Amino acid sequence: MATKYHHGNLRQEVLAAAADLIASRGVDALSMRDLARQAGVSHGAPAHHFGERRGLLTALATDGFQRLATILEPSVTAEHFDQTAVAYVRFAATHPGHFDVMFRSECLDLQDRDLRAAQQRTSQLLAVGVDLIDDDRLVIDRPDARHAAWSLVHGLAALWLNGVLEGNDLEGLTLAAAHQLFGPPLL
């Protein structure tokens, strides 16, 4: 592939190429040289924008958390906890490259200010989603309910991405699981 001359948003193009490569081959198979080839840029371009591989993966995870927060926000604002669960698994299914990286702490610079801010915003939205559930519907304390809800949607997403739940209606299954855990939303 010929190297392109870029005057646009090379950073975003490299991140998109990284997400595609990770979705198809996994994070462990990602190399900066392959990434440059996939993005159609010089082999030094990714390093120029991200430093080393850890910087690239941190930027991709940050982008993922920012996207996830944006996707979660409407259901949280509408106070539909079950739709927040659906939004989470929908994000994972449509952004598998991001999702694969976001929770791999060994690959990320956990001190990165932008990553921490994006993680915190996403975490707050997920917590608010569970906080919408009335106390009388919980049989465990609220922090444990938050962890249970996150584990449920994250586990469903991971099982889907690994092909274990393939062929099932992921969103319908997620709604059913959220309702089983906390009951259907009150109208």
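The values are calculated or read from the model by the stated rules, or taken from the named source; none is laboratory data. None of these values were measured; they are calculated from a predicted model. Quick reminder, even Gly has a Cβ in these numbers, built from the backbone with ideal geometry, and neighbours come from all protein chains shown. Areas reflect the complete protein model, heavy atoms only, side chains present, ligands, DNA and RNA absent. Shrake-Rupley method; radii C 1.70, N 1.55, O 1.52, S 1.80 Å.
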Which residues, taken from the range 54-81, are surrounded by fewer than 23 Cβ atoms within 10 Å (Cβ to Cβ) and charged (D, E, K, R)? ARG54, ARG67, GLU73, GLU79
In the range 135-187, how many are over 20 Å from the mean Cα position of the chain (by Cα) and in contact (Cβ under 8 Å) with a residue 60 or more places away in the chain? 4
Could you tell me whether the range 159-181 includes any residue that is hydroxyl-bearing (Ser, Thr, Tyr) and within 24 Å of LEU60 (Cβ to Cβ)? no
For ARG104, indicate whether it is more than 20 Å from THR58 (Cα to Cα), open to solvent by 20 Å² or more (accessible area, probe 1.4 Å), charged (D, E, K, R) and touching a residue at least 40 places away in the same chain (Cβ under 8 Å). no
Out of everything in the range 40-78 that is modelled with pLDDT of 90 or more and not in a helix (DSSP H, G or I), what residue ends up being nearest to THR94 (Cα to Cα)? ALA78
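Yes/no per residue for (1) modelled with pLDDT of 95 or more; (2) over 16 Å from ILE22 (Cβ atoms):
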| site | (1), (2) |
| --- | --- |
| HIS98 | yes, no |
| GLU106 | yes, no |
| ARG113 | yes, yes |
| VAL128 | no, yes |
| ASP135 | no, yes |
| LEU161 | no, no |
| GLU166 | no, yes |
For residues that are β-branched (Val, Ile, Thr) and open to solvent by 80 Å² or more (accessible area, probe 1.4 Å), scanning just the range 121-176, find the one that is nearest to LEU68 (Cα to Cα). VAL164
Please tell me if ARG90 is among the basic types (Lys, Arg) and within 26 Å of GLU52 (Cβ to Cβ). no
